[in-house]
Structures are given as structure tokens and as C-alpha cells.
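The values are calculated or read from the model by the stated rules, or taken from the named source; none is laboratory data. Quick caveat, the model's predicted, so the values are computed rather than measured. Don't worry about glycine lacking a Cβ; one is built from the backbone with ideal geometry, like all the others, and counts go over all protein chains shown. Protein only, heavy atoms only, side chains kept; ligands, DNA and RNA dropped before computing areas. Shrake-Rupley method; radii C 1.70, N 1.55, O 1.52, S 1.80 Å.
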Amino acid sequence: AEQTAAVKADEGTIKMLAEPVKITANDDRKVAIYANGIAPYFISMALFAGSLVFTTIYAARSTSTPGARGFKLLVSKLLTFSLMSTFQALIATTVLAYVLDLKVQSIPLFYLFTFVVGLTFMLIIQMLVTWLDQPGRFVVLLLMILQLASSAGTYPLELLPNWAQAIHPWLPMTYAIQGFRYVISS
């Protein structure tokens, strides 16, 4: 107290102590409601989880058709998984846009991007389940948990732990969430 009382403050010192930092707001990406801000995270999570669930309903490795194998089996499975991904994306996008009234900047881009993300997730999951079978589903589950923790869907990247920041650019959900943010709010 004695030392601070000895300080002879002029107008500049008083102003510096009163306002040490000047804050400038940047509303370039202002999101009007919370739903628009969190929707990219939940859409990505739903598309990924839906793809994983489909692999438990429909066998990725085996077939009930005798003699089906090789390239024909691959094409058949790819078409089936792609069709399911398309249905999933179509239903999700339609419900979000027209039932829940999610405001997006471009409905056609929203549909297109949802199709691309859904197909990407479905093909990644199909690949892992086809190669590894049941352990593949476990790997997919681990991948999903890592993506949910490190995709910066709920918190800014800077607030995530160092390990999450390190794997952030390597996970597909990171780019799905960024893309949905652009399609919905930019």
C-alpha cells in the first residue's frame, strides 16, 4: 500500500489501469441461435453413428447368395451401403430443413454436403468392418469417440487438450463439422 501510494499517476496511467485491454468484437460468423451452432456437430455424429448401426444390420463381409465373391460382391456391397447412406442423408436433411426448420444458407448445398459426408463416413466404416469384421466395429467405435472429443464441435480447438489438438486435422469429422458450419451459417 505504501509503495502504490508513492506512485504519482498521470491521466495516461489512470487510463491504462482503467482499460488495460481494448476488445474489438468480430461478428463475421455470428450464429443467431444455439441450434445452428451445435447442429454441425450433431449432424456429423448422427451420420457416423447411423453408418455404424447399418453395418450391424447388414453384413459387410458375407452374402446369402451362393458363389458371390470378388468384384461383383464388392460392387453389390458398395451400392447397398451407398444407397443406405443416401437414404440416411436424405431423411436427416429433410427433417432438419423442413420439420425442425433449421435455417441454412443454401438448401441444395446442404443436401449435397450431407450426401457427401454420409457417403464418406459410410465408406470408411464399411472399409474397416469389411477388413476387420467385429474388431473393425470396435475400431470404428474408438474412431467415433476420438472424433467427438477432438473435432472442435462443441468447444473451440484452442480449449481442447494437446493430444486432441494433435489428432484434430487427421479425423474426417473435423472437416464435416467445418463444412456444415459453412453451409448452415456462412
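Set the Förster distance to 35 Å, then compute FRET efficiency between Asn36 and Thr86 from the Cβ-Cβ distance, nearest 0.05. Walk me through the numbers on the way to the answer.
Details: r = 25 Å, r/R0 = 0.71.
After rounding, the FRET efficiency stands at 0.90.
Normalised by the residues of the chain, what does the relative contact order come to in percent, with Cα pairs under 8 Å and at least six apart?
Details: 146 pairs, mean separation 55.5, N = 186.
It comes to 30 percent, rounded to a whole number.
Could you calculate the contour length gain from Ala1 to Gln165, that is, 0.36 nm times the residue separation minus the distance between their Cα atoms, to one decimal place in nm?
Details: separation 164, 0.36 × 164 = 59.04 nm, distance 4.40 nm.
Answer, rounded to one decimal: 54.6 nm.
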TODO: Write down the accessible area per residue of the chain in Å², having rolled a 1.4 Å probe over the full set of protein chains.
DONE: 65
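Cα gyration tensor of the stretch 114-186, axes a ≥ b ≥ c as square roots of the eigenvalues: rounded (a/c below 1.5), prolate (a/b > b/c) or oblate? Mind dumping the intermediate values first?
Values: a/c = 3.17, a/b = 1.35, b/c = 2.35.
Since a/c reaches 1.5 but b/c is at least a/b, the shape of the stretch 114-186 is classed as oblate.
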Task: Longest to shortest principal axis, alpha-carbon extents of the chain, angstrom - done: 94, 36, 21
Open item on the list: Within the chain, which whole H helices from DSSP have a Cα span along their axis of at least 27 Å and a mean Kyte-Doolittle hydropathy of -1.0 or more, if any?
Closed with: 34-57, 70-94, 107-132
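In the chain, carbon and sulfur make up what percent of the accessible area (probe 1.4 Å)? Mind showing how you got there, number by number?
Working: 8190 of 12140 Å².
Of all accessible area on the chain, carbon and sulfur atoms account for 67 percent.
Helix-derived [θ] at 222 nm for the chain: sum -39500 (n - 2.57) over DSSP H runs of at least 4, divide by residue count, nearest 500? If you can, show how the numbers build up before the last one.
Values: 8 runs with 124 residues, N = 186.
Counting only the DSSP helices, I get -22000 deg cm²/dmol.
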Open item on the list: I'd like the distance separating the alpha-carbon centroids of the stretch 40-62 and the stretch 80-111, in whole Å.
Closed with: 15
